[in-house]
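The values are calculated or read from the model by the stated rules, or taken from the named source; none is laboratory data. Please read all numbers here as calculations on a predicted model, not as lab measurements. Cβ coordinates were reconstructed from backbone atoms using ideal geometry, including for glycine residues, and neighbour counts include every protein chain displayed. The protein model used for the area step is the full one, side chains on, heavy atoms only, and it has no ligands, DNA or RNA in it. Shrake-Rupley method; radii C 1.70, N 1.55, O 1.52, S 1.80 Å.
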Amino acid sequence: MSRATGAAMRRIQAGNALSAFGLGFTVPYLYVYVAQVRDLGAGTAGAVLAVFAMAALVVLPFTGRVIDRRGPLPVLVGGAVLAAVGALAMGVSASVATVVLSAALLGAGTAVVQPALATMIVWCSTPATRTRAFATQFFLANLGLGVGGLIGGQLVDEDRPGSFTLLFSIEAVMFLVLAAISVTVRLPRPSAAVGAAPQEGARGGLRALLRHRAMVQLCVLGFVLFFACYGQFESGLAAYGTEAAGIGPSTLGIALAANTAVIVVAQFVVLRLVEPLRRSRVIAAVGLIWALAWLVAGYAGLGDGSRTMATAAFVSTYALFGLGEAMLSPTVAPLVADLAPESMVGQYNSGFALVKQLALAVGPAVGGPMGAALHGPYIVTFVLFSLGITVLALRLGRQLTPVQDRPSLLSGSRVVARHTPEAAVPEPVR
């Protein structure tokens, strides 16, 4: 990696951390803000969360094509400014119409930022350095969210709406800082990037992606990953902990903090362990770890232990999920990039982000009612989903080239084998 490319990567990672820091100020408190502080009711708060997710589903199908045609930088800046406007509007909104509109702007802006950031990281990395780059992004995002949430919790006061306005203003400023940092980045241009003649895969768009068997399998795997983990954190698993295990809100906060702490503390230790391994085997191991996490959660809610043991088991569940997340960050996102033809990196990143959003929308809808009322079936269902991750990951491994599955092989070779939607074509490392 050249010195200029390294400087660009550092600025991208700094902007990523600061935007996550801003999100941490508001994400844990959005429901309380709408339902209680603005006194708009639980129904409106639920609608706001749904609109936040739906806005992402609306914009993501178009985001990738714009990234590949215009480059990720203008898309990132536009998304960051849109998110900043949404955050500011949310902070002063006091009616149903304005909070819903603000949620749509904020949801659309943050959704656009993610694939644009991912594409910028791809442009500033090589297949050999990409694993560490995405692990760093995940680490900084979780650190930013955790620190932002911690500071926001000290500033917020349910009896003072102005304190929430302050939080949303800080979030808006962080998005503007992301935009400002981004415009100073000098991105290298891949040979098939903006301004180059489109490749066959680029002209095919979504059809080309759907013809790419390995990418389709990765999207299916990604849906199950996000459905069985992130889609349950603040819905089904929280409901299960409250109803079956008798966990209080403060313990839920401790569990989420344990999840973040494991990611922050273990990320680079885990990175050193998984870097030499096959990506498909690492993802398969995550499925087994998460199956264990769900069994531990089952003990917390269905076992005959003491309240202290149930609490410890529930917190351990979130910690085990964090360990799995730390293993996924250097494997899944860089694999999406390595599967993509150079002219379709934005579309592949956006397509995978769309799958993630679908899982995050469906996960709470399915898991919430089950976790609250069907305690035994809920645990069994998600143990099976976690084991399904292992099976899907091993099947995906058979579709990958040796270098795609184990990028560490690049240390002994200067040739990168990539899958295109039509065939596996070797390309020299640039």
Limited to region 329-345, what total is found for residues that are part of a helix (DSSP H, G or I), open to solvent by less than 10 Å² (accessible area, probe 1.4 Å) and closer than 14 Å to Val286 by Cβ?
-> 1
May I ask you to say which residue of Ala313, Ala300, Ala326, Ala258 is surrounded by 17 or more Cβ atoms within 10 Å (Cβ to Cβ), modelled with pLDDT of 90 or more, out of contact with any His (no Cβ under 9 Å at 6 or more places or on another chain) and aliphatic (A, V, I, L, M)?
-> Ala326
If you check Leu295, Leu358, which single one turns out to be more than 30 Å from Ala208 (Cα to Cα), in a helix (DSSP H, G or I) and open to solvent by 10 Å² or more (accessible area, probe 1.4 Å)?
-> Leu295
Does Leu101 satisfy the condition of being without any contact (Cβ under 8 Å) to a residue 24 or more places away in the chain, under 30 Å from Ala361 (Cβ atoms) and not hydroxyl-bearing (Ser, Thr, Tyr)?
-> yes
Just wondering, is there one or more residues in region 52-69 that are outside any helix (DSSP H, G or I) and open to solvent by less than 50 Å² (accessible area, probe 1.4 Å)?
-> no
Considering every residue within region 299-320, establish whether at least one is among the hydrophobic types (A, V, I, L, M, F, W, C), farther than 25 Å from Met120 by Cα and under 19 Å from the mean Cα position of the chain (by Cα).
-> yes
Out of (1) under 24 Å from Gly148 (Cα atoms); (2) open to solvent by less than 60 Å² (accessible area, probe 1.4 Å); (3) at pLDDT 80 or above, what's the single condition that is false for Gly253?
-> (3)
Would you be able to say whether some residue in region 302-317 is touching a Gly at 6+ places or on another chain (Cβ under 8 Å) and closer than 19 Å to Cys219 by Cβ?
-> no
Of the residues in region 395-424, those that are open to solvent by less than 50 Å² (accessible area, probe 1.4 Å), modelled with pLDDT under 50 and not in a loop (DSSP other than H, G, I, E, B) come to Val416, Ala417, Arg418, His419
Selection within region 86-114 - open to solvent by less than 10 Å² (accessible area, probe 1.4 Å) and not in a helix (DSSP H, G or I) | Ser93
Which residues, taken from region 235-248, are among the hydrophobic types (A, V, I, L, M, F, W, C) and either closer than 14 Å to Ala313 by Cα or open to solvent by 30 Å² or more (accessible area, probe 1.4 Å) (or both)?
-> Leu237, Ala238, Ala244, Ala245, Ile247
Just one of (1) over 22 Å from Ala393 (Cα atoms); (2) crowded, with 21+ Cβ neighbours inside 10 Å trips up Gln232, so point out which.
-> (1)
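Conditions tested, residue by residue: (1) under 19 Å from the mean Cα position of the chain (by Cα); (2) without any contact (Cβ under 8 Å) to a residue 40 or more places away in the chain.
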site	(1), (2)
Ala8	no, no
Ala14	yes, no
Val27	yes, no
Gln36	no, no
Asp39	no, yes
Gly43	no, yes
Val59	yes, no
Arg65	no, no
Kindly establish whether Leu277 is over 25 Å from Gly153 (Cα atoms), surrounded by fewer than 18 Cβ atoms within 10 Å (Cβ to Cβ) and in contact with a Lys or Arg (Cβ under 8 Å, 6 or more places away or on another chain).
-> yes
Of the residues Arg38, Arg10, which is crowded, with 17+ Cβ neighbours inside 10 Å and basic (Lys, Arg)?
-> Arg38
Would you list the helices (runs of 4 or more DSSP H) that sit entirely within region 121-222 and hold 1 or more residues that are at pLDDT 80 or above and buried (at least 20 other Cβ atoms within 10 Å of the Cβ)?
-> 130-155, 161-182, 206-211
